[in-house]
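First up is the structure itself, then whatever we jot down about it.
Every number here is computed from the coordinates shown, using simple stated rules; none is lab data. Keep in mind the model is a prediction, meaning the values are calculated, not measured. Cβ atoms come from the backbone with ideal geometry, glycine included; neighbour counts cover every protein chain shown.
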Amino acid sequence: MHFFEYQRPENTAAAIAAAGQAKTAQQGADVRFVAGGTTLIDLMKLEVETPDRLLDINRLPFDKIEEMRDGGLKIGATVRNSDLANHARVQRDYSVLSQAILSGASAQLRNMATTAGNLLQRTRCVYFRDTAMSCNKREPGSGCPAITGSNRMLAILGTSDQCIATNPSDMCVAMAALEAIIHVEGRSGARTVAIGDFHLLPGSTPQRETVLEPGDLITNVTLPPPRTGSRQVYLKLRDRASYEFALASAAVMMNLNRETISHVRVALGGVGTKPWRSPEAEAALMGKRANVANFRLAADAALRNAKPQSENKFKIELAKRCLTHALQTAANG
Ligand SMILES: Cc1cc2nc3c(=O)[nH]c(=O)nc-3n(C[C@H](O)[C@H](O)[C@H](O)COP(=O)(O)OP(=O)(O)OC[C@H]3O[C@@H](n4cnc5c(N)ncnc54)[C@H](O)[C@@H]3O)c2cc1C
Ligand code: SF4
């Protein structure tokens, strides 16, 4: 059994100073923030994460959703996923985000899960979650049994010969399409990170999943002002209708000028080692007529660099159909 100290820092500065003593911000961190606990406590029970200190950030002032002067939205780090998904502005102007969050987990989990915790949820790769197995992400250099083993759920985009784990978040896929900005406070002050730059590809360091450094606290996420007339769809395909992670998902935002696509954003889930924005699909769609033939060409472009493993080749066609259908639904909307 692993014992740990539990603390509730009085303010943001105290939280950052305490977390700044950790050797790493990610795998193996000996000091960890805890928000909803639905990822972290789970992994502590499995002894995949064994921090010595837990810093409970739920008392810090990051639990609000606020309108911004430019028309955008500021979402506090500890805003619960349920509150975010059901917020009137989110449902009206950023419905792809609401749809994505509501497609994930269960009502009980969404009531606990937070914005920042969701950004930092870990892979569901079965070897990562089992300390009896080797895993490069959990123990760098120990090997990746998934490559020759059970990999049906794992990634086909952004993989390396060190790790093929999928990023399991639904919320992050919608945020990638929305071009969210993540606000971080750390030992050297405040900074912002575009969501596309926040998660890292596994490469040769799969234990490093984001650009966060020891002490870094996510304080909020901002969304740019909404586009008038934006049609938004999140489509998630999975093994059962609820309480299941995506095999493939697509977040789509599209504006039409008559039948021509005048603006489009596309991101995929369930297939990438990070939430997967697809500039290839967007380039294939911009200025084109909104029809199934063009949607299918965009889906082909999005999956052109897919590298399947022994059990997940089916994901290529599944993701293409998922994206094609999401685009069609948005166009019809
Ligand atoms: C059974 C089950 C099913 C699920 N199904 C889905 C699903 O279908 N789709 C989906 O998208 N998700 C799903 N999830 C994942 C769920 O969405 C995440 O567990 C949740 O969003 C994590 O948020 P949290 O606040 O509980 O994080 P925590 O567990 O509190 O924290 C997670 C990580 O984030 C760090 N952290 C938290 N807040 C901050 C901060 N402000 N700054 C810096 N670091 C921080 C913590 O140190 C920790 O490392 C599921 C989870 C479970 C248990
Ligand atoms: S895919 Fe990644 S998380 Fe899974 S066993 Fe391999 S290294 Fe570990």
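Decide, for region 266-333, between rounded, prolate and oblate: order the square roots of the alpha carbon gyration tensor eigenvalues as a ≥ b ≥ c, take rounded if a/c falls under 1.5, and otherwise choose prolate if a/b is larger than b/c, else oblate. Prolate, because a/c is 1.5 or more and a/b exceeds b/c. Beyond 19 Å, the tail of the calculated P(r) for region 153-268 holds 58 percent of the Cα pairs. Need the C-alpha centroid separation for region 96-129 versus region 173-224, integer Å. So the two Cα centres are separated by 16 Å. Rounded to the nearest 5, what is the percent of antiparallel bridges among the DSSP beta bridges in the chain? Rounded to the nearest five, the antiparallel share is 85 percent. Per-residue 3J(HN,Hα) values for region 54-71, derived from phi via the Karplus relation 6.51 cos²θ - 1.76 cosθ + 1.60 with θ = phi - 60°, read 10, 10, 7, 9, 5, 8, 6, x, 10, 10, 10, 10, 10, 6, 9, 4, 7, x Hz in sequence order (x marks Gly and Pro). In the chain, Cα pairs under 8 Å separated by at least six residues give a relative contact order of 18 percent.
Go through LYS64/LYS315; LYS137/LYS236; LYS288/LYS315 and tell me which ones have a Cα-Cα distance over 32 Å in this structure. Long pairs (Cα-Cα over 32 Å): LYS64/LYS315.
Of the beta bridges in region 1-93, as assigned by DSSP with both residues counted there, near 30 percent are antiparallel. Using a cutoff of 8 angstrom between alpha carbon atoms and counting only pairs six or more residues apart, the relative contact order for region 153-214 works out to 32 percent. Sorting the segments 48-56, 86-94, 243-251 by their residues' average number of neighbouring beta-carbon atoms within 10 angstrom, most packed first, yields 243-251, 48-56, 86-94.
About the centre of its Cα atoms, region 88-196 shows a dipole size close to 200 debye [charges on the beta carbon of Lys, Arg (+1) and Asp, Glu (-1) only; nearest 20 debye]. Rounded, prolate or oblate, given the Cα gyration tensor of region 1-146, with a/c below 1.5 counting as rounded? Cα axes put region 1-146 in the oblate bin.
Per-peptide packing, taken as the mean over residues of other Cβ atoms within 10 Å, places 142-150, 266-274 in the sequence 266-274, 142-150 from highest down.
Our analysis of the chain gives Rg over Rh at 0.96, with the two radii drawn from alpha carbon positions and Rh computed by the Kirkwood formula. Amide H contacts of LEU247 (H built 1.01 Å from N, in plane; Pro and chain starts excluded): LEU237, ARG238, ASP239 sit under 5 Å, all sequence-distant by 5 or more or on other chains. Over the chain, DSSP H runs of length four or greater, each weighted -39,500 (n - 2.57), average out per residue to a 222 nm ellipticity of -7500 deg cm²/dmol. Taking a straight line from the alpha carbon of LYS320, these aspartates and glutamates sit under 19 Å away, with near neighbours fewer than eight places off in the same chain left out: ASP170, ASP239, GLU280, GLU282, ASP300, GLU311. Expressed in Å, the radius of gyration and Dmax of the Cα atoms of region 58-106 are 11.1, 34. Computed about the Cα centre, the dipole magnitude for region 12-132 is approximately 120 debye when only Lys and Arg (+1) and Asp and Glu (-1) carry charge, each at its Cβ.
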